[in-house]
Amino acid sequence: MKLFKVSVLLSIAAAVFAGALLFMTSQKVQQQEDRLAALRNASRQEVAHIRVLRAEWDYLNRPDRLEKLVSDHMGMDVVESGAVITDVNHVPEPLMIAPPSRKPQFFAQPVSMGGSSDEDEQEQNIDAPTTTPLPVREEQNFNKLLGKLKKGGADE
Amino acid sequence: MSDLMRYGKKKLRIEGSRRSALDMARGRLVLISAIFSLAYILIAARVVDLSLIQGQLANYHVARGGQSVPFNLADEEKLRRGDIVDRNGVLLATSLETESLFADPKIIIDPAGAAEALVKIFPDLTYGDLLRKLQGNGRFTWIKRNLTPTEQSLILALGEPGLSFKTEYKRIYPQGDMAPHIVGFTNVDGKGLAGVERSFDDYLSGDHVKPLQLTIDTRIQHILLENLTEAIALFDGIGGAGVVMDVRNGEILAAASAPIFDPHSPKNKDALFNHLTLGVYEMGSTFKIFSTAALLEYENISMGHEFNTLEPLKRGRFRISDYHPEKHKLTTPEVFMLSSNIGSALMGEMVGTERMKSFYADLGLLSPLELEIGEIGKPLVPSPWRDISTLTASYGHGIAVAPLQMVTAASSIINGGILLKPTVILDENAANKSQDSTELRIVSPQTAHRMRQLLRLVVTDGTGKNADVEGYRVGGKTGTSEKIVNGKYVSSKRLSSFVGFFPMDAPRYAVFVMVDEPKGTKKSFGYATGGWVAAPAVGNIIGAMAPLLGVQPTHVPKEEDLAAPLRRYIADKEGKHLVSY
């Protein structure tokens, strides 16, 4: 029998390789397990932390503390029954303050596609809610202005 | 030579039978050496593994606190005592991790020095006690439970190897002394000692899936507690109780007993007593709700029926009289509105002892209250029950019940006549369930409606005017009873209460306030009765809680009010009734 037959060498190499692979795998598993434990520990601590924060949040939101803060800093009072509006029609209209705008405003106009009655209705519906008319400026046409300027320039 | 040379260079070959033996020996040699070298390689690898790789890992563990526990979060959650939350999920009780300090006397290096240093950190511990503990024979002794992080770092800085920490849970009540009588408290080992903490100890310390949700609403509880303590302080009372209950399902939104205590350090033994459920009292005139309801239910009498209240009522050696006698006979609404003892006693007499007794029993006033906490008082019922007991019970004397029992019974009439079971545990299944099939009817809807009218009348025209809140249609009944001291009624020691309901046309909530031993003030013209002491508090509570709970205010003119049809039975200034029978 040959001592260093190819097959023997090969099988020894395979055994060493397998052993090394096994060793590496076991190391890897241990590392992963350790990482897992670390992560679990971290998440455990995180959960405990959240629990503390939650308790603190509810502690800081105690009604008596909120009441004191509101009375100290906001000057608010208990809602009285007379202050509650029960009918939607009694809600006052919001004050619409329309400052005169510097720039001309353009509105998208409905495009008529042959004048069906539906569209007319829609148009009315759209117009209905706008209570305060927005300031209308004299229409300005850029081309006209340009033409005027050009004319003036030519005269001079 | 050439042959020899050739021989020397060439290997010796043995042919024949000897050859195979030699081969075998060589093969064995190779095999054994291979096995040994493999074994050495393995040992070498293991040495490298243990000394270099594992060693470093172990150091790493030590640095991290020495734990590599493969912990499951869900399992750990079960070890922790469960939370208690209110109906909106606000924490009422929770358990937080803290470190507790213990000592191992055997490995303490310098007991005297350690004791001295510990006293500096914890001024509440005494040097002598500590030294005795640290010089003891055992291997474990608690020094201080539940440290703050600062205290812990101070102790770590001492560097004493005999002092160690153990992670423990501490019960925290973020709302403080908000509802200690319902929530209860635990001892240092996390065992429930009172309230829900005790009655649900098994659930909280066992396999709890989710936090225990109570029906308490922290906001309403705050309103109730604030107004109750204010009323007690204003009238210099010694204690009191209050409750807010949903009259449709018996859910208790707020429950308070005064004086209150801090559940973190329950020391004041008087304050631990729950006046709302454990204390039993003669409730006084609020019991007229039951005698009047029984009369309307059993006797077909008109509201205009007149009771002779001109003379004190004499039955045997007993004499029943009114606080403020009127100069004319009183109709049913007047008896109720003016809270006439004589009138109510006559009502009880008309219904009869047997029927009154079974009516009280149906309402659960003769047996202990059913509630999910352990602190329940047993009612004091007259025994034997004579006819005179029926008369006195009709205006709330001679029978003592827990205040919550009275509120529950009154709510069972006002809600339309269905018996209520009070509860502090929010049961989602029950909330989704429509009307229970096992419901027990106490009075007919007609009687319930008439009682609503009567209760509203008390607030619009009678003794409970101070409880009215514009827009919320409050109804209710005042109650003032004298306390018994050494077997005698003492007129200076009273129990003043008011039970209110709103909105009266379709009652949703019952609000009750009781003050123990109030004293009259200048503002109340010296009166310390339910109408002066408790009714304003109930009014304030309703005014504050109604917007929170989204009860819509409606402003009805007086003529369209619920109590308006009863006004024709009320005498004018000359004591004449509009309709006479």
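Looking only at segment A:51-61, which residues are assigned to a helix (DSSP H, G or I) and either facing chain B (nearest Cβ under 8 Å) or surrounded by 11 or more Cβ atoms within 10 Å (Cβ to Cβ) (or both)?
A:ARG51, A:VAL52, A:ARG54, A:ALA55, A:GLU56, A:TRP57, A:ASP58, A:TYR59, A:LEU60, listed by residue number.
Taking the criterion of being in contact with a strand residue (DSSP E or B) (Cβ under 8 Å, 6 or more places away or on another chain), facing chain A (nearest Cβ under 9 Å), part of a strand (DSSP E or B) and modelled with pLDDT of 90 or more, would at least one residue in segment B:77-84 satisfy it?
Checking segment B:77-84: not a single residue is in contact with a strand residue (DSSP E or B) (Cβ under 8 Å, 6 or more places away or on another chain), facing chain A (nearest Cβ under 9 Å), part of a strand (DSSP E or B) and modelled with pLDDT of 90 or more.
How many of the residues making up segment B:523-547 are within 14 Å of chain A (Cβ to nearest Cβ) and modelled with pLDDT of 90 or more?
So the count comes out to 8.
Out of all the residues in segment B:34-53, which are within 8 Å of chain A (Cβ to nearest Cβ) and farther than 25 Å from A:LEU9 by Cα?
If the condition is that a residue be within 8 Å of chain A (Cβ to nearest Cβ) and farther than 25 Å from A:LEU9 by Cα, then B:ASP49, B:ILE53 are the ones that fit.
How many residues are surrounded by fewer than 10 Cβ atoms within 10 Å (Cβ to Cβ) and more than 11 Å from every other protein chain (Cβ to nearest Cβ) when one looks only at segment A:1-45?
Residues meeting the conditions: 2.
Can you tell me which residue is surrounded by the fewest Cβ atoms within 10 Å (Cβ to Cβ) among those in segment B:145-192 that are among the hydrophobic types (A, V, I, L, M, F, W, C) and free of Cβ contacts under 8 Å to residues at least 40 places away in the same chain?
B:ALA157
For segment B:359-406, name all the residues that are part of a loop (DSSP other than H, G, I, E, B) and among the β-branched types (Val, Ile, Thr).
Within segment B:359-406, B:ILE373, B:ILE376, B:VAL381, B:ILE399 qualify.
What residue, of B:ARG319, B:ARG355, is over 19 Å from B:GLY479 (Cβ atoms) and assigned to a strand (DSSP E or B)?
Only one candidate qualifies: B:ARG319.
Could you list all residues from segment B:521-538 that are more than 13 Å from B:GLY284 (Cβ to Cβ) and surrounded by 17 or more Cβ atoms within 10 Å (Cβ to Cβ)?
B:SER524, B:TRP532, B:ALA535, B:PRO536, B:ALA537, B:VAL538
Of the numbered conditions (1) within 36 Å of the chain's Cα centre (by Cα); (2) buried (at least 24 other Cβ atoms within 10 Å of the Cβ); (3) not in a loop (DSSP other than H, G, I, E, B), B:MET347 satisfies every one except a single condition; which is it?
Failed condition: (1).
Out of all the residues in segment B:193-236, which are touching a Ser or Thr at 6+ places or on another chain (Cβ under 8 Å), under 25 Å from A:GLU67 (Cβ atoms) and crowded, with 22+ Cβ neighbours inside 10 Å?
B:THR215, B:PHE235
The values are calculated or read from the model by the stated rules, or taken from the named source; none is laboratory data. The structure presented is a predicted model; accordingly, all values stated were derived computationally and were not measured. Glycine gets a Cβ as well: all are built from the backbone with ideal geometry, and neighbour counts include every protein chain shown.
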